[in-house]
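J.: Dropping the structure in here first, questions after.
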Amino acid sequence: MGLELYLDLLSQPCRAIYIFAKKNRIPFEMRTVELLKGGPRLGFGNREIGEERGGQILLKRTSGANSFSGPSPEKAPEAPRTQLELGGVAILLYLTRKYKVADHWYPQDLQACARVDEYLAWQHTTLRRSCLRALWHKVMFPVFLGEPVSPEMLATTLAELDVTLQLLEDKFLQNKAFLIGPHVSLADLVAITELMHPVGAGCQVFEGRPKLAAWCRRVKAAVGEDLFREAHEVILKAKDSPPADPTIKQKLMPAVLAMIQ
């Protein structure tokens, strides 16, 4: 089976997918997407099959083929064909089932699995929102888009992030080694890639939080320090982003404002 992953490592779900596939030695071909140039995940209209899609998996089978292969960037396969297009957490869940990875990532035990599901459902409108807002208000608006952010707005955003971090500790981490229990899971991988957004903006999210800092070290060790560093090279350079082209800025602004509300 030929697997193509359309990823932009500026995106937190893309980083989680990249780390997960690499860590579990899932063979794939990476198609790099540049979301800040107007990628489809930010809502810039429909794209033809085979064009860039951020944080998605595209699997296709052409007539008469015995294996799946990704679409050509220039031309979609001829019909008849089957295809699967997924995004975000759905990709991670697909990969855990398709490739029979170690059970600790997404446990078969119903209670442990339910705890992973609980975190994945919670984080999408809480931790992700806070981390996105921190990155954009602290760095991307003033540096990349050239739009000032008031000190009051930034202070409010960072205060919201602090509240969410405390909730992450109190509700999920508690006194455990990882968010779900003694072993790393998808919950930890999704959480740490979210937190690297504000880290990339220069926020000291682990300062004064020894439990969270120790958890971070354990997650990095579990996935591999080198792989973790490789996946986060792009986001850690966010502060050095060159100013956006005016045309790209005009495209980005409505989608970004909607995304971080």
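J.: Does Thr96 count as farther than 21 Å from Phe172 by Cα, at pLDDT 90 or above, among the polar types (S, T, N, Q) and under 22 Å from the mean Cα position of the chain (by Cα)?
T.: Working: farther than 21 Å from Phe172 by Cα: yes; at pLDDT 90 or above: yes; among the polar types (S, T, N, Q): yes; under 22 Å from the mean Cα position of the chain (by Cα): yes.
Yes: the conditions hold for Thr96.
J.: Related question: Enumerate the pairs (first residue in segment 113-127 and within 21 Å of Ala258 (Cβ to Cβ); second residue anywhere and at pLDDT below 95 and surrounded by 15 or more Cβ atoms within 10 Å (Cβ to Cβ)) with beta-carbon separation below 9 Å, excluding pairs fewer than 6 apart on the same chain, so at least 6 apart or on different chains.
T.: Cβ pairs passing all conditions: His124/Gly88; His124/Val89.
J.: Could you tell me whether any residue of segment 235-248 is at pLDDT 95 or above, part of a loop (DSSP other than H, G, I, E, B) and either crowded, with 16+ Cβ neighbours inside 10 Å or of a type in the set (Lys, Arg) (or both)?
T.: no
J.: Evaluate the following for Ala191: is it in contact (Cβ under 8 Å) with a residue 24 or more places away in the chain, of a type in the set (Gly, Ala, Ser), out of contact with any helix residue (DSSP H, G or I) (no Cβ under 6 Å at 6 or more places or on another chain) and closer than 28 Å to Cys113 by Cα? Give the steps one after another, and end with the answer.
T.: Details: in contact (Cβ under 8 Å) with a residue 24 or more places away in the chain: yes; of a type in the set (Gly, Ala, Ser): yes; out of contact with any helix residue (DSSP H, G or I) (no Cβ under 6 Å at 6 or more places or on another chain): yes; closer than 28 Å to Cys113 by Cα: yes.
Taking the combined requirement at face value, the residue satisfies it.
J.: Please go through (1) free of Cβ contacts under 8 Å to residues at least 60 places away in the same chain; (2) over 18 Å from the mean Cα position of the chain (by Cα); (3) crowded, with 16+ Cβ neighbours inside 10 Å for Val143 and return the number of the only condition it doesn't satisfy.
T.: Result: Val143 passes all but (1).
Yes/no matrix, rows are residues, columns are (1) over 25 Å from Ala114 (Cα atoms); (2) among the hydroxyl-bearing types (Ser, Thr, Tyr); (3) open to solvent by less than 70 Å² (accessible area, probe 1.4 Å); (4) in contact with a Leu (Cβ under 7 Å, 6 or more places away or on another chain):
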position	(1), (2), (3), (4)
Thr164	no, yes, yes, yes
Lys171	no, no, no, no
Glu225	yes, no, no, no
Ile260	yes, no, yes, yes
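J.: In the set Thr164, Thr156, which member is hydroxyl-bearing (Ser, Thr, Tyr), touching a Ser or Thr at 6+ places or on another chain (Cβ under 7 Å) and assigned to a helix (DSSP H, G or I)? Give the steps one after another, and end with the answer.
T.: Numbers: Thr156 fails: touching a Ser or Thr at 6+ places or on another chain (Cβ under 7 Å).
After applying the criteria, what remains is Thr164.
J.: Looking at Arg128, is it over 19 Å from Ile17 (Cα atoms), among the basic types (Lys, Arg) and crowded, with 19+ Cβ neighbours inside 10 Å?
T.: Values: over 19 Å from Ile17 (Cα atoms): no; among the basic types (Lys, Arg): yes; crowded, with 19+ Cβ neighbours inside 10 Å: yes.
Taking the combined requirement at face value, the residue does not satisfy it.
J.: Of the conditions (1) of a type outside the set (Asp, Glu); (2) at pLDDT below 50; (3) crowded, with 22+ Cβ neighbours inside 10 Å, Ile49 fails just one. Which one is it?
T.: Going through the list (1) of a type outside the set (Asp, Glu); (2) at pLDDT below 50; (3) crowded, with 22+ Cβ neighbours inside 10 Å, Ile49 breaks only (3).
J.: Those residues that are of a type outside the set (S, T, N, Q) and assigned to a loop (DSSP other than H, G, I, E, B), I need them from segment 202-234; list them, please. Walk me through it before giving the result.
T.: Kept after step one, since they are of a type outside the set (S, T, N, Q), are these residues of segment 202-234: 202-203, 205-234.
Passing the criteria: Gly202, Cys203, Val205, Phe206, Glu207, Gly208, Arg209, Gly224, His232, Glu233, Val234.
The values are calculated or read from the model by the stated rules, or taken from the named source; none is laboratory data. Note that the structure is predicted; figures quoted are calculated from it, not measured. FYI the Cβ positions are ideal-geometry reconstructions off the backbone, even for glycines, and counts take in every protein chain you see. For accessibility, only protein heavy atoms count, side chains too; no ligands or nucleic acids. Shrake-Rupley method; radii C 1.70, N 1.55, O 1.52, S 1.80 Å.
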